[in-house]
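**Q** Mind having a look at this structure? Questions to follow.
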Amino acid sequence: MSSLQVELITIGDELLLGFTVDTNAAHIARTLAANGIEIVRRTTVGDEAGKIALAVREALDRTGAVITTGGLGPTSDDLTKPAVAKIFGREMKLDEAIATKLEERWRARFPGSRFPATNRTQAEIPEGARILTNRHGTAPGIWLEDEKGRWVAMMPGVPREMRGMLDEELLPAIKSRGKGEASVVLSRTLRTTGIAESAIAELLGPDFLGPRETELGSLPLAFLPGVAGVDLRVTAKGLPRARAEKLVSEAMLKLSGRVSAYVYGEDDADLAAVVLEKCRVSGLNLAVAESCTGGMLGERLTGIPGSSDVFLGGVIAYHNDVKRNMLGVRGEDIERYGAVSEQVALQMASGVRDKLGADVGVSVTGIAGPGGGTPEKPVGLVWIAVHASEVKARRFHVGGDRGEIRQRAAQAALEMVRRALSKG
């Protein structure tokens, strides 16, 4: 049994130039996968009729099922409809009912102003097309299908409009074509931090889930490294939901048993939320002292709804005077060991704990770069300390540019707090 396979084509010069991040493709892929529909190829093309037509024609030849986003607006660079209509040998015709609705919508929003004639192009529809109603914007979606059952579904590129149309119109249309027992594409993710991708691979070894010829061993296992850590994603494709859920659950249990020391959650888990919940359950509150992260750790914590019952606040001790005057770090220790040192990190954590009356104090001090490093203290050196039931500091050397070093430092600080609370 196999899931329905489709190709996705996102259209727009702004995507190719990098001015707009293609969030539509990710949302469509996740939504379709959850409904047993597999995206087998993603393509991005610019606002050029010939390239749009070529991409759609090739995709139709491969799968016979294509979704496009973008190029349905009223301006000269919106060329998707006529390009696709030409592939199907259809003429473009003005739909007066759609044109009237567009004009009514315009006059309701801009009373007294003239309805632009260019907006009427949004009401031009290929002959024989099915309309996918847009309840969130102006450009209607289009479903075109030929005598062989091959189809192209065109949706707007505006994310809010696309998401509404996907849920309300396109997904039901695709599901209505399904035959036989429904299958799914089901993924679950194990989130780890504090261990490198290669180290996890070595820890698991080859064929960890089992021989490739077995059902469990055949499940794809993806290693997904990022700034926050390494995600392990298991996917089951083309199986009935109950069977897919059973197999993926078995795989997750087996994986978590091997790498449990580094696991902080599953799927969309946020380490900041995990830390806050651990504090909440233990009746503890938390305060932070930050140097190189400059408030990023506090932002991670306050980004979680309801954090105010646990997180008291923090001190951005960027200048050494603030470390001394606000946190009580001894000036002689800064002079002797430097601001990026175990001694200073420990005093910062204890200082903010005492200053704000917290149960747990955590501090971060480091060299984010790109300058300021030395052979003894290179860029990426970070000291983190946590003062909970006891006070401990740990040295890290993280990679990346300035932004990535700061993000990795904040994640490492949260992980230190998680581990400290897990022990006691």
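The values are calculated or read from the model by the stated rules, or taken from the named source; none is laboratory data. Since the structure is predicted, the reported quantities are computational estimates derived from the model, not experimental observations. Note: ideal-geometry Cβ built from the backbone for every residue, glycine included; neighbour counts use all protein chains shown. Calculation scope for accessible area: heavy atoms of the full protein, side chains included, ligands and nucleic acids excluded. Shrake-Rupley method; radii C 1.70, N 1.55, O 1.52, S 1.80 Å.
**Q** Once you have a ≥ b ≥ c as the square roots of the Cα gyration tensor eigenvalues for the range 64-130, tell me rounded if a/c is under 1.5, and otherwise prolate or oblate according to whether a/b is larger than b/c.
**A** prolate
**Q** What size of dipole, in debye to the nearest 20, comes out for the chain about its Cα centre when the only charges are +1 on Lys and Arg C-beta atoms and -1 on Asp and Glu C-beta atoms?
**A** Taking the Cα centre of the chain as origin, the dipole is about 560 debye.
**Q** If you take the Cα Rg of the range 70-209 and divide it by 2.2 N^0.38 Å, with N the number of residues, what do you get?
**A** In units of the 2.2 N^0.38 Å rule of thumb, it is 1.51.
**Q** Across bins of 10 angstrom width beginning at 0, how are the C-alpha pair distances of the range 227-386 distributed, in whole percent?
**A** Final binned percentages: 10, 30, 27, 19, 9, 4, 1.
**Q** Pull out a ≥ b ≥ c, the square roots of the eigenvalues of the alpha-carbon gyration tensor of the range 97-157, then state rounded if a/c is under 1.5, prolate if not and a/b is larger than b/c, and oblate in the remaining case.
**A** Note, shape of the range 97-157 comes out prolate.
**Q** I want the local charge near Arg42. Using Cβ-Cβ distances under 15 Å, sum +1 for each Lys or Arg and -1 for each Asp or Glu among the other residues.
**A** Residues near Arg42 contribute -1 overall.
**Q** Work through the residues other than Val185 whose Cβ is under 9 Å from its Cβ and net out their charges, Lys, Arg +1 and Asp, Glu -1.
**A** 0
**Q** Structure shown: which of Lys81/Lys175; Lys51/Lys93; Lys246/Lys392; Lys175/Lys278; Lys254/Lys377; Lys175/Lys246 lie over 30 Å apart, alpha-carbon to alpha-carbon?
**A** Lys246/Lys392; Lys175/Lys278; Lys254/Lys377
**Q** Let me ask something else. List every residue whose amide H lies under 5 Å from the amide H of Gln5, counting only residues 5 or more places away in sequence or on a different chain, with H placed 1.01 Å from N in the peptide plane.
**A** Glu38
**Q** Excluding Gly361 itself, what net charge comes from residues whose Cβ is under 10 Å from its Cβ, given Lys and Arg +1 and Asp and Glu -1?
**A** 0
**Q** Given Cβ point charges of +1 (Lys, Arg) and -1 (Asp, Glu) and nothing else, what value in debye, to the nearest 20, does the dipole of the range 182-267 about its Cα centre take?
**A** Its charge dipole is roughly 240 debye.
**Q** Here's something else I'd like to know. Name the residue from Val329, Val386, Leu414 whose Cα lies farthest towards the positive end of the charge dipole of the range 320-424, charges +1 on Cβ of Lys and Arg and -1 on Cβ of Asp and Glu.
**A** Leu414
**Q** Quantify, in whole percent, the carbon and sulfur part of the accessible surface of the chain (1.4 Å probe; protein heavy atoms only).
**A** On the chain, the fraction of accessible area on carbon and sulfur atoms equals 50 percent.
**Q** Which of the aspartates and glutamates could a cross-linker bridge to Lys148, judged by Cα under 13 Å and excluding same-chain residues fewer than eight apart?
**A** Asp61
**Q** Give me the dipole magnitude in Debye, nearest 20, for the range 71-151 about the Cα centre, with unit charges on the beta carbon: positive for Lys and Arg, negative for Asp and Glu.
**A** 260
**Q** Okay, next question. Mind ranking His27, His319 by accessible surface for me, highest first, 1.4 Å probe?
**A** In descending accessible area the options line up as His319, His27.
**Q** While we're here: How much of the DSSP beta bridge set in the chain is antiparallel, as a percent to the nearest 5?
**A** If we restrict to bridges inside the chain, about 60 percent are antiparallel.
**Q** Are there GluC sites (Glu not before Pro) in the range 177-280 that DSSP marks as loop and that have at most 16 other Cβ atoms within 10 Å, and which are they?
**A** Those satisfying the criteria are Glu181, Glu213, Glu215.
**Q** Moving on to the next point. Out of these labelled values of Cα extents along the principal axes in Å, (i) 81, 64, 43; (ii) 70, 67, 43; (iii) 89, 61, 36, which was calculated from the coordinates shown here?
**A** Of the listed options (i) 81, 64, 43; (ii) 70, 67, 43; (iii) 89, 61, 36, (i) comes from this structure.
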